[in-house]
């Protein structure tokens, strides 16, 4: 692993434990502050996830660390040591971000592996050791897979590319850029602000600056303008969820750029570390609902008079608009995804 992640994506920056508390890096105030949200209970962790203290791939790392947090509390007698309590806690985490099915499936798989310990009468010390072992394995898997996908993604980038992105595509996209640059390719990125939380301007843009990658910040409506001028060569985003038919779910605003890319014949690639084999099509997705009041504010400041707003948090991008999906198994056409992941 020759390239280094920016501050925001380092594990300790996403979340860590200290003195019996779990601290989540508060992306709502980054890059102006490096602040952490302290949580003393699983309920507070779930509330922080709902409140967008972290997002994208952040909830997965928070969930792993919360599992260690739970096992420590059980070992110290501060939580009931029972499978029912473990299952209840996991359900709280999953319910906080229902569109994030990677986190859901990872946690349910760990829950299944831990269930026999209770049936076999293992004590809380043995349980805590097993949790650490399993979470260590999972964290190593994702660390290695992020870099693997970064190398795969870098093969799609050509010398001189200008890449449009939406929201905060995190590890795999940023590592793709880093590996492409390591190979001597010149590149630059156009970053959408991504209203209402401004993940593009507050998260993606500062990370690119920290990594020394040339980037320009644009507003959410400017993508089609630069596509029309022929100044964008590729469009790359993360995905909150990918279905087996190749449908991609990502932050609202992704769809309009994908449509414009299709019109101007610019390829759109979505990164997916874990396409969901349980979702055959977009009709099976449980979409997260967020308060439309968030649209009336920006960085906690009102942008208009109090009134009514609309906020569909996520777009569904149909397979015909997706040129390829970058996965741990390579760059796959939407039509071939099911053969590789079902």
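The residue list 103, 74, 107 contains one member that is modelled with pLDDT of 95 or more, over 20 Å from residue 21 (Cα atoms) and touching a helix residue (DSSP H, G or I) at 6+ places or on another chain (Cβ under 9 Å), which is 107. Could you grab me the full set of residues in the stretch 163-188 that are surrounded by 18 or more Cβ atoms within 10 Å (Cβ to Cβ), at pLDDT 95 or above and in contact with a strand residue (DSSP E or B) (Cβ under 8 Å, 6 or more places away or on another chain)? Residues satisfying the conditions are 163, 164, 165, 166, 167, 172, 173, 176, 177, 180, 181, 187.
When the stretch 242-262 is filtered for residues that are surrounded by fewer than 24 Cβ atoms within 10 Å (Cβ to Cβ), part of a helix (DSSP H, G or I) and within 22 Å of the chain's Cα centre (by Cα), the ones remaining, listed by number, are 255, 256. Of the helices (runs of 4 or more DSSP H) contained entirely in the stretch 98-198, those carrying at least 2 residues that are closer than 22 Å to residue 267 by Cα fall at 124-154, 170-182. Residues in the stretch 319-339 that are surrounded by fewer than 18 Cβ atoms within 10 Å (Cβ to Cβ), within 14 Å of residue 244 (Cβ to Cβ) and in contact (Cβ under 8 Å) with a residue 24 or more places away in the chain: 333, 335, 338. Here is a check on your reading of the model: is residue 213 in contact (Cβ under 8 Å) with a residue 60 or more places away in the chain, in contact with a helix residue (DSSP H, G or I) (Cβ under 7 Å, 6 or more places away or on another chain) and either under 18 Å from residue 261 (Cβ atoms) or part of a loop (DSSP other than H, G, I, E, B) (or both)? Judged against the criteria, residue 213 is not a match.
Residues that are surrounded by fewer than 23 Cβ atoms within 10 Å (Cβ to Cβ) and in contact with a helix residue (DSSP H, G or I) (Cβ under 7 Å, 6 or more places away or on another chain) within the stretch 147-162 comprise 147, 151, 154, 157, listed in sequence order.
Can you tell me which residue is farthest from residue 98 (Cα to Cα) among those in the stretch 224-241 that are under 10 Å from the mean Cα position of the chain (by Cα) and assigned to a loop (DSSP other than H, G, I, E, B)? Ranking the candidates gives 238 first. Of the residues screened, residue 128 is one that is outside the structural domain of residue 251 (by TED's automatic domain parsing), modelled with pLDDT of 95 or more and farther than 30 Å from residue 174 by Cβ.
The values are calculated or read from the model by the stated rules, or taken from the named source; none is laboratory data. Only a predicted model underlies this, so the values are computations on that prediction, with no experimental measurement involved. Every residue, glycine among them, receives a Cβ derived from its backbone with ideal geometry; neighbour counts consider all protein chains shown.
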